[in-house]
Amino acid sequence: MHHIIHTRRFTRLLASASLSSLLLATPALAQTQSTPPATPPADQAAASDQTTTQDIIVTAQFRQTRLQDTPISITAVNAAELEAKNQTNLAQVADTAPNVSLKPQGASFGPSIVASIRGVGQNDFNPAYEPGVGIYIDDVYYPQLTGAVFDLLDLDRIEILRGPQGTLAGRNSEGGSIKMYSKKPTGENGGFVEATYGSRHMIGVRAAADFKLTNNLFGRVSGVFKQQDGFVDRIDYGCANPGSGIASTRSPGDCRISRLGGVGYQAVRGMLRWQPTDALEVNLIGDYTHDEHTIAGEVLLATSTLNTPNLNAAAGVPYDNRFICGAYCNYITTGQPAGTWVPPIPVDPYNAAGTKLAATSGTDRSLYNGWGVSGQINYQLNDAIALTSITGYRSFDTRFDSDDDLSPANVGFGENHLTNWSVSEEVRANVKLSSTLNFTLGGYYFKQKSVYDSIQDIRYVPVYPLQFRQPDPTSADAKAVFAHLSWEPITGMTLSGGIRYTDESKQQTYYRLNYDGTVNAFLDPVGAAYGIGYSGPDTKNKFGGGTVTSLSGLTAQYAAKRWDYRAAIDYRFSPALLVYASFSTGFKGGGSNPRPFNTKQVIPFAPEQLNAYEIGFKADLFDRKLRFNVSGFINKYKDIQIPVSSCPDAPCAARLNAGAGTIKGFEAELTAFPVPGLSIDASLSYLTFAYDPNSLNAAATYPTNAGGILPNDPTTVPPWKATFGAQYKIDLGNAGSLTPRFDVNYQAKQYTGPTVVSGTRLLNFIPSYTLANARLTWTNADQNLDISLAANNLFDKYYLLTIFDLRGAGAGFRKGRPGTPQEFSISIKKKF
């Protein structure tokens, strides 16, 4: 019943909004139905007295079109808007985009993000999983969630496309795509330098230079440097709690070891643009990023008491709520000492008593180095045919360590090293068959290889200490062809259709080794007995006879071939109003459990599939002083990949296909210029999700009491998001101008997953929160000097970005990553 009420409310709201806009646009219906006249480009908006909405040019359908002419739900943000809102990284842009979520992960997941659009995405950085949300840098696909919190260095615009993009972009993206486009060189011999100083020793420098090399060769170089102290104190527990029995490594009164959650980001990008003729344009781009800082600051929220003396007799430290430090502090260590295993159960089935535990050690630093090169060729063969080639190569190397329990209790510690390289090639031909018929044909190739090499010291499993190294390589490739046709049968109406064929595969090889490189006999007894990669008869009869297989050296194979489709119709009732409807399909690739503790846990999962239905309208009203775009959608979800925390014989972190479900929601975005100098922007989104209980896969809910799904579990994204921003330009004559801006972002209570503690099933939530930001900018009369004062989280709201709960798996902790507290900054920007 609750679901029916929400559906009715959604339908009434969307219908009411559509009717209102149609009524407002009625006076324009008598006008011609052609596209409205062009206005100054969006990148010039900051340099003019903007009084109407600007034309933002997007490339969502292979060719350049106006945002308001594109029948897709898109949030497009230009450089001027990014600067006005003081948005400097991709996660900040997502915070203000309807039904979009990009949240930095906690320290256990390294420098990665949780990504989702319309409730579809991924929360695990492991390279064996597909992101579900496609992120592109100058049309080159970035294949991983690790390192994806990109700085918005010298961008022209960002496009966020909602819904499946399988027939509209290089890589199939089930939830949607996020595309970042760099500013192209123009040969203007100009640029800018910006310096920032702020709270917690914030230091930032940004610069870009555009130059002309020859009459048809132009270059642009840009760079950024950011440094800031963290805001979560890492405290030595023994120092802060004398008499606790835990040794201190600090002098009394000086218990803070470091400040976690710091910033240490440097990046540079260079671009060459060669245009020998009007028909040919070649762009070469290279970038490099070095990101080194203290690991993400986390706080302990709750514990399940663990008898850790049994886990590590040498440490003798029970794990309980005394390690809950506070809102902005924790007691992490950078390793676990050597010890002797004492089984907590009366009978030791594995004869583990007396097992010696090796020491592990690491740091509280996170390191990411990434780089990429790409080339794009655009060639206008004739008036009817345009050819495009996009070639890209990207690589990254990251290291991070994690004390998961945030305490000296020695429950679990991990040292992580992840590398990845990828190469992609996309070619397409845009053909204008007639004045009303356009056709696109293209092909795409992608290949990547990752090696996730980690050392794990897991001491909470009650039957045996798990100390092992897993240098697992994962390779994947995809080949696709796609076609898209648009036809205007009558003036104002366009019919569009797209099709895509994808052939993809993935191979993951497992290794479970001791620290010295030998096979771990507990996790892989076959490999220890017969050798890595063994599969054959049990000749020594150690395992009950029959065929036995080594986990180390075992390669899990995944392959899929799939057709995806898109069909859309749009009609321009007037220059002010476009309405559209579409149907599209998408999928997220399958694979196998990347974290098995034995061969039984090498569990495959199939691709999840999505059928998306969308309707919407785009309106520029009152002589383009008001822009109002609304979209509503219903996503039919099948074979949903869900996480489980318990597998045969041991805890795990696997994916299984649960069944089917339905996601419904809407997005509304508004931009208004009610009076000269005043601009207002706002957005609202809603999303609801429900499983089809008749479709639930029994295997996927096994075992329910270890965190499996139930039919009424809500989605893991906030159901409501809302934003509001306003700025007013005050003309000071020869003294320049003064522009105050104020932004408010709201996020509703967000579900993060089920956990079972002592037989009780709990639903974990991130509480709702509202954040306010403010900025005051003075610009001189020549508009080449800006001085800005900015405040982020103006009212110092405490909130959480992500939560990680492993109580259901036996690890005993629930922890969260708090968001950035109140901070102030001053920036000076000089243009030349």
(request) Determine, yes or no, whether Gln64 is modelled with pLDDT under 90, assigned to a strand (DSSP E or B) and either at positive phi or open to solvent by 40 Å² or more (accessible area, probe 1.4 Å) (or both). (result) yes
(message) Whether any residue in the range 723-736 is open to solvent by 40 Å² or more (accessible area, probe 1.4 Å) and either modelled with pLDDT under 95 or in a loop (DSSP other than H, G, I, E, B) (or both) is what I want to check.
(response) yes
(message) Out of the residues in the range 152-181 meeting the condition of being among the aliphatic types (A, V, I, L, M) and more than 30 Å from Gly204 (Cα to Cα), tell me which one is modelled with the highest pLDDT.
(response) Leu161
(request) Please give the number of the condition Asp786 fails out of (1) at pLDDT 95 or above; (2) within 25 Å of the chain's Cα centre (by Cα). (result) (2)
(request) Specify which of the listed residues (Ser592, Ser552) is among the small types (Gly, Ala, Ser), in contact with a strand residue (DSSP E or B) (Cβ under 6 Å, 6 or more places away or on another chain) and open to solvent by 10 Å² or more (accessible area, probe 1.4 Å). (result) Ser592
(request) Answer with yes or no whether Phe125 is hydrophobic (A, V, I, L, M, F, W, C), at pLDDT 90 or above, open to solvent by 10 Å² or more (accessible area, probe 1.4 Å) and within 13 Å of the chain's Cα centre (by Cα). (result) no
(message) Checking Ser402 against (1) under 30 Å from Cys325 (Cβ atoms); (2) in a strand (DSSP E or B); (3) in contact (Cβ under 8 Å) with a residue 40 or more places away in the chain; (4) open to solvent by 20 Å² or more (accessible area, probe 1.4 Å), only one condition comes out false. Which one?
(response) (4)
(message) Show the residue pairs meeting these rules: Cβ distance below 7 Å; 6+ apart or different chains; first residue within the range 798-810 and modelled with pLDDT under 85; second residue open to solvent by 30 Å² or more (accessible area, probe 1.4 Å) and among the charged types (D, E, K, R).
(response) Arg807/Arg814
(message) Taking the criterion of being open to solvent by less than 20 Å² (accessible area, probe 1.4 Å) and either among the hydroxyl-bearing types (Ser, Thr, Tyr) or in a loop (DSSP other than H, G, I, E, B) (or both), would at least one residue in the range 251-271 satisfy it?
(response) yes
(request) Could you please tell me which pairs satisfy a Cβ distance under 6 Å, a separation of 6+ or placement on different chains, a first residue in the range 415-435 that is among the small types (Gly, Ala, Ser), and a second residue that is open to solvent by 40 Å² or more (accessible area, probe 1.4 Å) and in a strand (DSSP E or B)? (result) Ala429/Leu387; Ala429/Leu441
(request) Select from the range 134-154 the residues that are open to solvent by less than 10 Å² (accessible area, probe 1.4 Å) and within 26 Å of Ala668 (Cα to Cα) and list them in ascending order. (result) Gly134, Ile135, Tyr136
(request) Name the residue, out of Leu437, Leu418, that is within 27 Å of Ile137 (Cβ to Cβ), at pLDDT 95 or above and aliphatic (A, V, I, L, M). (result) Leu418
(request) Please note which strands (runs of 3 or more DSSP E) are completely contained in the range 124-243 and include at least 3 residues that are within 27 Å of Gln54 (Cβ to Cβ). (result) 133-137, 155-162, 176-182, 190-198, 202-212, 217-228
(message) I need the full set of residues from the range 555-570 which are over 20 Å from Gln508 (Cα atoms) and surrounded by 18 or more Cβ atoms within 10 Å (Cβ to Cβ), in order please.
(response) Arg562, Asp564, Arg566, Ala568, Asp570
(message) Within the range 633-640, does at least one residue satisfy the condition of being buried (at least 23 other Cβ atoms within 10 Å of the Cβ), within 20 Å of Asp124 (Cβ to Cβ), of a type in the set (Phe, Trp, Tyr) and within 27 Å of the chain's Cα centre (by Cα)?
(response) yes
(request) Within the range 771-799, track down each residue that is hydrophobic (A, V, I, L, M, F, W, C) and either open to solvent by 20 Å² or more (accessible area, probe 1.4 Å) or farther than 30 Å from Ala302 by Cα (or both). (result) Leu771, Ala774, Leu776, Trp778, Ala781, Leu785, Ile787, Leu789, Ala790, Ala791, Leu794, Phe795
(message) Name the single residue that is nearest to Glu415 (Cα to Cα) among those in the range 489-516 being open to solvent by less than 40 Å² (accessible area, probe 1.4 Å) and assigned to a loop (DSSP other than H, G, I, E, B).
(response) Arg512
(request) Would you mind telling me which numbered condition in (1) in contact with a strand residue (DSSP E or B) (Cβ under 8 Å, 6 or more places away or on another chain); (2) acidic (Asp, Glu); (3) modelled with pLDDT under 95 Asp254 fails? (result) (1)
(request) Might you let me know whether the range 194-201 holds any residue that is touching a helix residue (DSSP H, G or I) at 6+ places or on another chain (Cβ under 6 Å) and closer than 28 Å to Glu823 by Cβ? (result) no
(message) Can you tell me which residue is most open to solvent (accessible area, probe 1.4 Å) among those in the range 660-674 that are farther than 30 Å from Ser695 by Cα and aliphatic (A, V, I, L, M)?
(response) Leu670
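The values are calculated or read from the model by the stated rules, or taken from the named source; none is laboratory data. Predicted model, so just to flag it, every value in this text is computed and none were measured. Cβ: placed from backbone, ideal geometry, glycine included. Neighbour counts: every protein chain shown. The protein model used for the area step is the full one, side chains on, heavy atoms only, and it has no ligands, DNA or RNA in it. Shrake-Rupley method; radii C 1.70, N 1.55, O 1.52, S 1.80 Å.
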